[in-house]
Amino acid sequence: MLAVIHRGADSAKRRRESGVGEVANQRHASEPSAAILPGAPVTTAEGQVVDVAHRPFIAADVGGTHARIGLVIGGAIGRTPVEVLHYHRYSCGEWPNLVVMLQDFVAQLATTPHAAAAQHIDRCALACAGYVLDDTIVNENLPWPVPIAPIRQGLGIDQLAVINDFEAVAYAAQFIDAAASRAIIDAAQPPVEGPTLVMGPGTGLGAAVLLPGQPRAHVLPTEAGLVALAPGNEREIEILRVLQRDRPYVAYEDVLSGPGLLRLYRALCELRGSAPDLQTPAQITDAAQAASDAAALESLHVFCGLLGSFVGDLVLLYRASAVYLAGGILPQIQLYLQTSTFAERYFNKGVMRPYLQQVSVRLIEHGQLGVIGAAGWFLDTKHLEQAT
């Protein structure tokens, strides 16, 4: 059994559950309890007064494969708006649900220097793949449903804010140190400051756009991964015909994702008349990079070409001035990506080629970005509310 922190009778009286579910820039917040009002100070057992506005809270980034959870605090000095005090990455498939996972994280805090702060956690910023419908986060790539109310109840919190996972990563893009990213396409002369596209394949295909602004940037969430797949050559047309046999609609996410790479491989095995011996995306990328399986190698070739074409389309759609590629797959194939047809297909946009040559494409590690982005977005949202 997993350990769960019980907050005791006094804490229980301070928690009152209510509120309705919303999506992305919409929040899930209960009404404040009579015992703790927003902005009211909290006194620890040692007599320290902790201002609610500067108290640690939980920020989580939940994708189809991994969940990254952090204890964060606002007002950090430096490049980012938050400081991550404690952090842990979970494999989603190893846990029965998100509530138990979050409870385990809180239980961990009892053995850290932040044990006292853990007794007063009443807020959680949750970045999650999918969208919110009524009181549930809907996403077919998650291993379990994510109902909203049980999270608030299980953690005993007053506020739960929900944002799309790639929306959170896009929000964090404004704090990325360029030295921590790797160039896939280096632009010698970038265009004037404009939107930043953040996208990447993992269990699904996420995409969001960071819009510069004053005093704060804003994020445009998208469902670009569900745009209809547009083949760019005869081989891709053949692949599309195979995929259309068992689904009426084929989206980019159906090929540009971990499960999508497996679909590409199986479709190409059929077209090549060979047996699909490989069973996981990792096996396919490993075999392709080792050049030990011809179908795997062609699958990764097609994958990178389609990705380059789609990234170029999105840059034109949003008139982006920079691109960050994230997700769980691309860091594993970085060297192959740089020598693949990604760039060729990215630039192949007719008269818009000169514009695309000004837009850098850089690869970033997902890491704590979703946690930082969810926390920063939540804090900015609260500041905007207070300002109005």
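Quick check: net charge around Arg182, other residues with Cβ under 13 Å of its Cβ, Lys/Arg +1 and Asp/Glu -1?
Net charge in that neighbourhood comes out at -2.
Give me, ordered by chain and number, the residues 5 or more places off His66 or on other chains with an amide H under 5 Å from its own placed amide H.
Cys92
Beta carbons within 10 angstrom, averaged per residue: use that to sort the peptides 55-62, 308-315, 280-287, 348-355, highest first.
In decreasing order of mean packing, 55-62, 308-315, 280-287, 348-355 become 55-62, 308-315, 280-287, 348-355.
Tabulate in residue order the Karplus-calculated ³J(HN,Hα) for region 285-301, using 6.51 cos²θ - 1.76 cosθ + 1.60 with θ = phi - 60°, rounded to whole Hz; enter x for Gly and Pro.
5, 5, 5, 5, 6, 8, 6, 9, 9, 5, 5, 5, 4, 5, 4, 5, 4
Applying the Karplus parametrisation 6.51 cos²θ - 1.76 cosθ + 1.60 with θ = phi - 60° to the phi angles of region 346-353, what ³J(HN,Hα) value in whole Hz is obtained for each residue in order, glycine and proline being reported as x?
Per residue, the Karplus-derived 3J(HN,Hα) values read 4, 7, 7, 10, x, 5, 8, 4 Hz.
Using 0.36 nm per residue, how much length does the chain from Val100 to Arg235 gain when fully extended, once their Cα-Cα distance is taken away?
44.0 nm
Can you list which of the chymotrypsin sites (Phe, Trp or Tyr not before Pro) found in region 197-288 are DSSP loop residues with at most 10 other C-beta atoms within 10 Å?
Loop-located and lightly packed - Tyr249.
Can you work out the Karplus-derived ³J(HN,Hα) for every residue in region 113-118? Use 6.51 cos²θ - 1.76 cosθ + 1.60 with θ = phi - 60°, whole Hz, and x for glycine or proline.
x, 9, 4, 5, 5, 5
Tell me which residues come under 5 Å, amide H to amide H, from Ile184 once H is placed; ignore anything under 5 positions away on its chain.
Correct list: Val361, Arg362, Leu363.
Within region 203-289, report the GluC sites (Glu not before Pro) that DSSP leaves as loop and that have at most 16 other Cβ atoms within 10 Å.
When the GluC sites (Glu not before Pro) of region 203-289 are filtered for loop state and at most 16 Cβ neighbours within 10 Å, Glu223 remain.
Give the long-range amide H neighbours of Ala251: residues separated by 5 or more places, or on another chain, with amide H under 5 Å away, using H modelled in the peptide plane at 1.01 Å from N.
Leu229
GluC sites (Glu not before Pro) within region 122-218: which are DSSP loop residues with at most 13 other Cβ atoms inside 10 Å?
Here the sparse-neighbourhood loop sites are Glu140, Glu193.
Here, each number is a calculation from the coordinates, and none is a lab measurement. The shown structure was predicted, so the numbers you read here are calculated from the model rather than taken from an experiment. Every residue, glycine as well, gets a Cβ built from its backbone with ideal geometry; the counts of neighbours run over all protein chains shown.
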